[in-house]
1. Assuming ILE173 fulfils every condition listed in (1) on the phi > 0 side of the Ramachandran plot; (2) modelled with pLDDT of 80 or more apart from one, which condition is it?
2. Kindly indicate which of LEU167, LEU200 is aliphatic (A, V, I, L, M), modelled with pLDDT under 70 and part of a helix (DSSP H, G or I).
3. Can you tell me which residue is modelled with the lowest pLDDT among those in the stretch 61-106 that are farther than 20 Å from VAL165 by Cα and in a loop (DSSP other than H, G, I, E, B)?
Amino acid sequence: MTPEFLFVCGTAVWLGFLCSISPCPLATNIAAIGFVGRKVGRIDAVLGAGVLYTLGRTATYGVLGILLVGGLTAAPQLSHLLEKYMNLLTGPLLILVAMVLLGLLPVRLPSGGGKGTRLAERLGRAGIWGAFPLGVLFALSFCPTSAALFFGSLLPLAVKSHSGVLLPAIFGIATGLPVAIFAFMLAFGANRVGGAYDRLSVFETWAQRITGVVFLAIGLYMTLAFTLRF
C-alpha cells in the first residue's frame, strides 16, 4: 500500500466518521441505538444488531459508489472530461462543502417525512434482522451535511482514485461504526452510553468546524491554483 492510498483511505474514514456524528445522521444513529438497546439483555443480539446495521450502511454506500462512480467513468468521453476537469471542480466543491459544515450555506433536502418514520418503525419490529434494512434506510436518508460529505467530498475522491467500491464502503463502515461501538457498550456496560454520547456531541462541534476550515483553505488554494490559475 502506498502512502497516497493510505491517506485516501484515511480521508474516507474521517469523512464517514464526521458524517456519523453530525446532528442529522447522529439522530438516526441514536434511533438505531434505541433499536439495538431493546435487546440489551442478550449480548449476542445487541452485538449482532450493531454489526448488521453497520453492514447495511456499508452496502448502501458501496452500491451507490458502484452506480455513480462506475457510471461516470464507464463512458470513455465522460471519463476523459472528468480526468481533465476534476482538479478544476475540486476546489469549488470543497468550498461549498466547507460552507455547509460551517453553517454558512443553509441547504434543505426533501425528506421522506412520515413514510420513512413508519418504515423505520416496521423494521424495528422485525427483530435483529431488521437492523440491516434499517441501516440501508438511514444511509439513504441524506441531510445537507451527509449529502455534502458524500456527494461533494467522497465521490470526487473516489472518481480521482478510480475506486467506486472501496472508498464508499470504507465511508459506510465509518458512518455505522459509532452504532457498532455503542452496541458493544450496551452489551457490556449500558450505563456508559449516555456519557459517551455527551462527549461525542462536543467533539462533533469542534471536528466539524476544524474540518470546515481545512476544507475551505484547501478549496481556496485549489480554486486559485487550478481553477482561476492565479
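The values are calculated or read from the model by the stated rules, or taken from the named source; none is laboratory data. Quick caveat: nothing in here was measured; it's all calculated off a predicted structure.
1. All conditions pass for ILE173, except number (1).
2. On the way: LEU167 fails: modelled with pLDDT under 70.
So the residue among LEU167, LEU200 that is aliphatic (A, V, I, L, M), modelled with pLDDT under 70 and part of a helix (DSSP H, G or I) is LEU200.
3. For the stretch 61-106, the residue satisfying everything is PRO106.
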